[in-house]
Each structure stands twice: as structure tokens, then as C-alpha cells.
Amino acid sequence: MEQVRDGDVGRLSTLFERHHRKLFLFFYRLTGDRNASDDLVQDVFFRILKYRHTYQSGNEFPAWMYRIARNSWHDHLEKRGNEESLDDEAAHFGEAMASTDAGPVESLMKAERLELLRRALNKLPEDRRELLVLSRYQGLKYEEIAGIVGCEVGTVKVRIFRAVRDLARLYGRMAGERVS
Amino acid sequence: MNCDEIKEQFAEYWAGRLDSAARAVVEEHLHGCAACEMEAEHLGRVWETLGEFPEPKPGASLRPRFNETLAAYELGISSARRAEKKAPWWRLAPVWQMGVAAAMLAAGVGLGSLITASRQNSQEVAALRQELAGMRQTVTLSLLQQQNATDRLRGVAWSERVAHPDAEVLTALLFTLNHDQNINVRLSSVDALANFTSSPLVRKAIPGSIDKQDSPLVQVALIDLMSATRGRDIDEALRLAAANPTLNEAVRDRARKALTTRQGDMQ
């Protein structure tokens with residue numbers, strides 16, 4: 001990233017190859033929308049070019065990238081406002097069905113379980129969902145997450161535990177409603 | 001560690017990110033505390049299930065779009081550098097540059113730094129502007145070619161962000177207007193084209209599009225677009241539409257009203 005900052009912007013291709021897939025999944029877990037996630041990844045790399053002068057040597061590039069990604073996502077949420085999300089439940093369900101090699105009944109049960117969990121995840125407040133995604137899917141440690149979201153490590157620990165606990169409650173409640 | 005502190009370690013524990021000592025502390029606590037053990041097991045199952053979601057891949061257009069953006073940005077930067085090389089001789093020769101810089105210092109350090117900052121900013125802004133325009137055009141074109149109508153609608157919406165679209169983008173929009181299967185996409189393209197009626201390509205193509213439409217809704221939208229566009233060629237096209245027996249009566253009526261309004265405006 002230092003070379004990109006110093007004018008060799010072509011080197012950004014290497015960073016794109018290394019990080020774009022993980023970044024895409026970060027946005028996909030947050031939005032549930034592939035097209036929006038593609039756009040957001042594009043926006044992040046555009047912002048990296050735009051703000052490359054602000055990158056400081058010695059900083060971890062992924063942490064800096066995720067800070068930009070969060071800003072991009074928050075802007076996306078603001079712009080989207082009350083617009084209906086393109087989140088497509090049927091498509092998610094189909095994907096979940098296709099993702100398993102089990103028999104039809106098992107596949108259906110798994111797809112239903114994942115669909116419920118996905119809906120529960122979407123019901124979490126955005127800040128908690130974001131922390132959970134950073135921890136669960138992006139594989140980041142508490143200390144790294146604290147650096148990205150700009151708060152104390154202790155706060156991150158508490159919030160991530162609460163996010164998992166709240167998710168489990170929501171999931172349990174939704175599963176109970178479905179049975180009854 | 002008390003129960004709360006142990007629970008705060010759960011995520012790192014499940015993810016295998018604790019070192020052996022910290023892991024041993026958590027496990028020892030769980031063996032001795034039934035409540036925490038039960039909670040860890042319950043929440044741990046949810047954590048595990050989160051890992052079962054399928055992992056979709058980014059869209060096929062993402063990499064080409066990125067490459068296009070990067071190429072456009074590099075082009076912008078090199079253009080800015082070329083402009084820099086054409087700078088006056090006293091800015092290129094180091095000795096003279098120092099002399100001038102000294103003179104500038106004498107004139108005022110504050111003023112000198114202000115000018116430098118402004119020059120760097122304008123280069124950056126020029127590069128970014130060029131890059132952004134290229135990126136928007138690429139995004140528009142790639143979206144307009146998608147299978148999904150929602151994507152094509154997005155492409156039409158993106159076109160409105162392009163301040164000065166080139167012929168390729170305008171042609172793609174006109175093609176969408178005349179051939180897209182989805183009526184909403186065609187209607188949106190009429191709105192988007194309203195921004196570019198100063199283009200001869202668009203002005204020429206709009207009147208002819210009425211005959212290509214099978215939906216009176218789109219035809220009415222085109223009449224409205226024409227009625228908001230000045231020019232004798234447009235007047236003539238409206239007259240033809242008003243008298244065209246193959247068009248729906250409501251469409252002809254709209255064209256007649258547009259003509260009446262335009263004649264009223266002329267007087």
C-alpha cells in the first residue's frame with residue numbers, strides 16, 4: 001500500500017486480488033445483496049485511490065481497508081434510506097439448498113434453518129451485526145476490531161458476546177414461532 | 001476470571017484465536033461452571049451454524065470494472081503529469097526553481113505554500129474527475145447489459161450520474177429504450193434520456209422511437225419528453241404523432257395537447 005500511496009497506483013491490483021473476495025463477503029453478510037456488495041467493493045477501492053495519501057506506514061492495510069469499508073457501508077445505508085432492500089429470500093433459500101449434498105429432506109431442513117438464522121441476523125442492530133461479521137467471518141481479533149471501529153477492546157468483547165446472545169434469542173424465538 | 005469475563009472470551013475461543021494459556025483458563029472455568037458451560041454450548045451451536053452459510057462469489061463484472069477504474073485513474077494521473085511537464089522553464093530547471101522559490105519566500109512563505117497546495121489539489125481533482133467519469137460510464141454500460149431487469153434499471157439510473165456521456169453510453173440507453181423487454185426499464189430510460197436532449201444523437205432518435213414502442217405508456221412518456229424539448233424538428237415529430245392513426249387515441253391526444261401548449265408558448 002505504501003507503493004500505491006507514493007504514486008505506483010498499478011500496485012493496487014495486487015491488493016485487489018488479495019482482498020476483494022473477502023471484502024465482498026463482508027458486504028454480502030451485511031447487506032444480503034450481491035449487486036450492492038459488488039458496488040460497495042468497487043467503491044472501497046475507489047476510495048482507497050482517492051485517500052491513498054492518508055495511509056500511514058506501519059499501519060496494517062486490512063485494518064485501514066475495513067475502516068474505509070465501514071464508511072462506505074454507512075454511506076450506502078444513508079443513501080438507501082427507506083428504499084426497499086434487494087435482499088431476495090427465495091434466492092438465499094435456493095443457495096442454501098444447493099450448498100448441501102445431503103438428501104432432499106435434510107437439504108430442506110438445513111435451508112430452513114439457515115434462512116431463519118439469516119433473518120435473525122438481519123434483525124440485529126446494524127452496529128452489532130457489523131461486529132459479529134468482523135469477528136465471525138472476517139477472522140479478526142478483538143484488538144483488530146477495536147482498531148477498526150475505534151473503541152476499547154473491552155467494549156468490543158462485551159458487544160460481540162451480546163451480539164451472539166441476542167442472535168441466539170432471536171433465532172430461538174423465530175424457530176419457536178415457526179413450530180407453533 | 002469471573003463468568004462475565006469468560007463469556008467475553010467465547011467468540012475468540014470458538015474461533016480458535018486464543019493462545020493455549022487463555023484457552024486453558026476458559027476450559028477450566030467451563031468444567032467448573034455448569035451455567036457457563038450450558039451457555040457456551042448453546043451459543044456455540046449458533047456460532048457454528050453461522051459458518052454454514054454458502055459463500056457466493058463476486059459478480060463477473062467486478063474485476064473488469066476495477067481494472068477500468070484503475071486504468072482511468074492512471075490515465076488521469078499521467079495526463080496531470082504531462083501537464084506538469086509543460087510547465088514554464090523556471091519551474092523545471094532546479095537552479096532557477098530555487099531562485100524563484102527564494103523570491104517567493106521573500107514575497108511571503110504563507111502565500112507560497114498556499115499556491116503549492118492549490119496546484120497539487122487541482123491535479124488530484126482533475127485525475128479523480130476523469131477517473132470518476134470513466135468509471136460511471138463503465139458501470140452504466142455493464143449494468144445495461146445484465147440479464148436481470150433490476151440491474152438494467154440500475155444501469156439507467158447510473159447513466160444519470162454521467163455528466164457528459166459518450167456516444168457509446170447514449171447508444172446503449174437508446175437501445176434499451178427501443179428493445180428492452182421490461183416496460184419499467186424502458187420508462188426509466190426515457191427519464192434518463194431527458195437529461196441528454198441537447199445531444200443530436202438523442203434528439204434524432206427520440207421521435208423515431210415512438211413507432212418502435214408497443215406500450216402506450218412509453219409512447220406517452222416519449223411525447224412528454226418531446227414536449228419539454230425545444231426545436232422545429234420536435235414540433236414536426238409531434239405533428240406526425242398527433243396524426244398517426246396507428247397510435248393509441250390517448251397517445252395522439254397527448255401529442256395534440258403538447259402541440260397546443262407549445263403554440264401557446266410561442267405566442
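Looking at A:Val133 and the list (1) surrounded by 15 or more Cβ atoms within 10 Å (Cβ to Cβ); (2) farther than 20 Å from A:Ala63 by Cβ; (3) more than 9 Å from chain B (Cβ to nearest Cβ), which single condition is not satisfied?
Checking A:Val133 against (1) surrounded by 15 or more Cβ atoms within 10 Å (Cβ to Cβ); (2) farther than 20 Å from A:Ala63 by Cβ; (3) more than 9 Å from chain B (Cβ to nearest Cβ), the one that fails is (2).
Taking into account only those residues within the range A:40-53 that are facing another protein chain (nearest Cβ under 8 Å) and without any contact (Cβ under 8 Å) to a residue 24 or more places away in the chain, which is farthest from the chain's Cα centre (by Cα)?
Per the stated criteria, the residue is A:Lys50.
Identify the single condition in (1) surrounded by fewer than 19 Cβ atoms within 10 Å (Cβ to Cβ); (2) closer than 17 Å to B:Glu55 by Cβ; (3) facing chain B (nearest Cβ under 8 Å) that A:Gly7 does not satisfy, given that it satisfies every other one.
(2)
Out of everything in the range A:17-31 that is buried (at least 21 other Cβ atoms within 10 Å of the Cβ) and within 7 Å of another protein chain (Cβ to nearest Cβ), what residue ends up being nearest to the chain's Cα centre (by Cα)?
Of the range A:17-31, the ones buried (at least 21 other Cβ atoms within 10 Å of the Cβ) are A:23-24, A:26-31.
In the following step, the residues that additionally are within 7 Å of another protein chain (Cβ to nearest Cβ) were identified as A:24, A:28.
Values: A:Phe24: 8, A:Tyr28: 6 Å.
Residue satisfying both the conditions and the ranking: A:Tyr28.
Hey, among the residues in the range B:179-194 that are surrounded by fewer than 16 Cβ atoms within 10 Å (Cβ to Cβ) and assigned to a helix (DSSP H, G or I), which one's nearest to the chain's Cα centre (by Cα)?
It comes out as B:Asp191.
So which residues in the range A:60-76 are touching a residue at least 40 places away in the same chain (Cβ under 8 Å) and either more than 17 Å from the chain's Cα centre (by Cα) or within 24 Å of B:Ala71 (Cα to Cα) (or both), if there are any at all?
A:Glu60, A:Phe61, A:Pro62, A:Trp64, A:Met65, A:Tyr66, A:Ala69
Kindly list the number of the only condition in (1) facing another protein chain (nearest Cβ under 10 Å); (2) over 19 Å from A:Tyr28 (Cβ atoms) that fails for A:Leu121.
(2)
Take the conditions at pLDDT 90 or above and open to solvent by 10 Å² or more (accessible area, probe 1.4 Å) and apply them to A:Glu152. Does it pass?
yes
Taking the range B:29-56 only, how many residues are within 36 Å of the chain's Cα centre (by Cα) and more than 7 Å from every other protein chain (Cβ to nearest Cβ)?
Going through the range B:29-56 one residue at a time, the tally reaches 1.
Can you tell me which residue is nearest to the chain's Cα centre (by Cα) among those in the range B:8-24 that are touching a residue at least 12 places away in the same chain (Cβ under 8 Å) and surrounded by 16 or more Cβ atoms within 10 Å (Cβ to Cβ)?
Per the stated criteria, the residue is B:Ala11.
So that you can scan it fast, the table gives a plain yes or no per residue for (1) of a type in the set (Lys, Arg); (2) modelled with pLDDT under 80; (3) surrounded by 14 or more Cβ atoms within 10 Å (Cβ to Cβ):
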| residue | (1), (2), (3) |
| --- | --- |
| A:Thr54 | no, no, no |
| A:Trp64 | no, no, yes |
| A:Ser72 | no, no, yes |
| A:Glu78 | no, no, no |
| A:Glu84 | no, yes, no |
| A:Thr100 | no, yes, yes |
| A:Glu106 | no, yes, no |
| A:Met109 | no, yes, no |
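The values are calculated or read from the model by the stated rules, or taken from the named source; none is laboratory data. A quick note: this is a predicted structure, and the numbers were derived from the prediction, not measured. Quick reminder, even Gly has a Cβ in these numbers, built from the backbone with ideal geometry, and neighbours come from all protein chains shown. Ligands, DNA and RNA are stripped out before the accessible areas are found, and what is left, the full protein with its side chains, is counted by its heavy atoms. Shrake-Rupley method; radii C 1.70, N 1.55, O 1.52, S 1.80 Å.
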